[in-house]
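Undergrad: The following block contains the structure, expressed as structure tokens.
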Amino acid sequence: MIRAFYTARSSLVSQQTNLNTIANNVANVNTTGFKPQQVNFSSLIYDNINGGAANSISVGHGVKVGKLGLDFEQGVQNQTNMPMDCAIIGPGFFAIEDRESGEITFTRDGNFKKSIERSRVYLVDSKGDYVLNDRMRRIEIEEGFDHKEIGVFDFDNRYGLQLVGGNRFAATDESGNAERVRDPNVKVGFLENSAVQLSKEIVKMIEASKGFSLGSRVIHTTDEMEKIINQLR
């Protein structure tokens with residue numbers, strides 16, 4: 001009976017993580033350049049027990065979240081006609097330098113603006129952080145500014161990037177270092193819509209809810225069986 005409690009508990013914890021991930025995807029259905037996450041499950045270790053007649057039966061110990069994956073499917077291009085808006089066609093990310101910490105992260109959100117700082121004008125994102133060129137330096141907007149100055153970077157393994165919040169990604173050992181994309185395809189006056197497909201997320205939410213409900217019923221049933229056994233002693 002104890003095994004049933006632990007197995008059901010692992011299901012509840014995993015499906016709760018799944019539901020939280022789906023809810024975050026749905027909440028960002030209108031976020032520019034957003035890439036949804038996907039929960040991948042893996043089975044916990046199996047035990048072989050004697051099933052009689054020289055047969056063995058494999059009994060599992062539940063499930064766990066193996067990895068939170070990323071879906072980098074291209075979002076639909078939305079024409080805004082705003083001169084600072086940029087959308088990447090194909091792979092790649094814009095590099096952003098945090099104004100306060102100096103940390104460099106990467107995003108697909110090309111909703112850029114001008115920031116006037118004394119006698120200089122810089123290209124910044126919607127949060128006011130600096131957009132970088134292909135040499136990882138701040139872009140100062142001067143007369144004759146060319147959008148080709150905006151750096152676009154990619155990674156050997158973009159699926160190894162870490163989602164750090166704010167629709168941004170950080171490089172990891174798994175992703176490798178950022179490498180400049182030569183001749184990137186950037187459309188000016190466009191933004192990339194979120195890649196979240198609401199219909200798919202709703203289906204996944206229903207499946208996860210049913211899985212969570214099943215785990216709850218297993219715990220409830222196991223608890224009732226334990227009560228009956230205790231009463232027989």
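The values are calculated or read from the model by the stated rules, or taken from the named source; none is laboratory data. For clarity, every value in this text was computed on a predicted model and none was experimentally measured. Quick reminder, even Gly has a Cβ in these numbers, built from the backbone with ideal geometry, and neighbours come from all protein chains shown. Areas reflect the complete protein model, heavy atoms only, side chains present, ligands, DNA and RNA absent. Shrake-Rupley method; radii C 1.70, N 1.55, O 1.52, S 1.80 Å.
Undergrad: Using 7 Å Cα-to-Cβ label points, what is the K67/K187 separation (nm, one decimal)?
TA: 3.1 nm
Undergrad: Within 10 Å, count the other beta carbons around each residue, average over each peptide in 213-225, 8-20, and list them highest first. Mind showing how you got there, number by number?
TA: Numbers: 213-225: 13.8, 8-20: 18.5.
Top of the packing list down: 8-20, 213-225.
Undergrad: Further, regarding this structure: Taking the Cα atoms of segment 144-233, report the difference between the largest and smallest coordinate on each principal axis, in whole Å and largest first.
TA: Rounded to whole Å, the extents work out to 86, 32, 19 Å.
Undergrad: Checking the table K35/K64; K114/K148; K67/K148; K127/K200; K35/K127; K35/K67 against a 26 Å threshold on Cα-Cα, which pairs fail? Working shown, then result.
TA: On the way: K35/K64 23 Å; K114/K148 16 Å; K67/K148 36 Å; K127/K200 30 Å; K35/K127 19 Å; K35/K67 16 Å.
Too far apart for the 26 Å limit: K67/K148; K127/K200.
Undergrad: Please state, as a whole number in µm²/s, the translational diffusion coefficient that the Stokes-Einstein equation yields for segment 193-233 at 25 °C and 0.890 mPa s, with Rh defined as the Kirkwood radius across alpha carbon pairs.
TA: Numbers: Rh = 12.8 Å.
In µm²/s, the coefficient is 192.
Undergrad: Here's another thing I want to ask about it. Quick one: if you stick a label point 7 Å off each Cα along the C-beta vector at A27 and M225, how many nm between them?
TA: Modelled inter-label distance: 3.8 nm.
Undergrad: Further question on the same structure: What accessible area per residue comes out for the chain, rounded to a whole number of Å², with a 1.4 Å probe? Before the final figure, lay out the partial values.
TA: Details: 13770 Å² over 233 residues.
Heavy-atom SASA per residue in the chain reads 59 Å².
Undergrad: Any idea which of N24, V218, S14 is furthest toward the positive side of the dipole for the chain, if Lys and Arg beta-carbons carry +1 and Asp and Glu beta-carbons -1?
TA: It is V218.
Undergrad: Using all C-alpha to C-alpha distances in segment 88-158, build P(r) with 10 Å bins and read off the rounded percent in each one.
TA: 20, 56, 22, 3, 0
Undergrad: Cα-based Rg (one decimal) and Dmax (whole number) for segment 88-209, in Å?
TA: 16.1, 56
Undergrad: Determine the calculated [θ] at 222 nm for the chain from helices alone, applying -39500 (n - 2.57) to every DSSP H run no shorter than 4 residues and normalising by the residue count; nearest 500 deg cm²/dmol.
TA: Numbers: 2 runs with 61 residues, N = 233.
About -9500 deg cm²/dmol.
Undergrad: Compare the peptides 105-117, 163-175 by average per-residue count of other Cβ atoms within 10 angstrom and give them in order, highest first.
TA: In decreasing order of mean packing, 105-117, 163-175 become 105-117, 163-175.
Undergrad: I want the antiparallel fraction of DSSP beta bridges within the chain, as a percent rounded to 5.
TA: In the chain, DSSP labels about 100 percent of beta bridges as antiparallel.
Undergrad: Go through 132-138, 31-37, 186-192 and give me the packing order, highest mean Cβ count within 10 Å leading. All intermediate terms of the calculation are to be shown ahead of the outcome.
TA: Details: 132-138: 14.9, 31-37: 21.0, 186-192: 18.7.
Sorting 132-138, 31-37, 186-192 by mean packing, highest first, produces 31-37, 186-192, 132-138.
Undergrad: Can you tell which of P83, F112, F94 lies farthest toward the positive end of the dipole of segment 80-122, using +1 and -1 charges on the Cβ of basic and acidic side chains (Lys, Arg; Asp, Glu)?
TA: P83
Undergrad: So, one more: When the accessible area of the chain is split by element with a 1.4 Å probe, what percent falls to carbon and sulfur? Numbers along the way, then the final one.
TA: Working: 6790 of 13770 Å².
On the chain, the fraction of accessible area on carbon and sulfur atoms equals 49 percent.
Undergrad: Another question, if that's okay. When Cα extents along the principal axes in Å is calculated directly from the model, which label among [x] 61, 39, 37; [y] 56, 40, 38; [z] 88, 31, 31 fits?
TA: [z]
Undergrad: How far apart, in nm, are the 7 Å Cα→Cβ label points at T80 and K148?
TA: 2.4 nm
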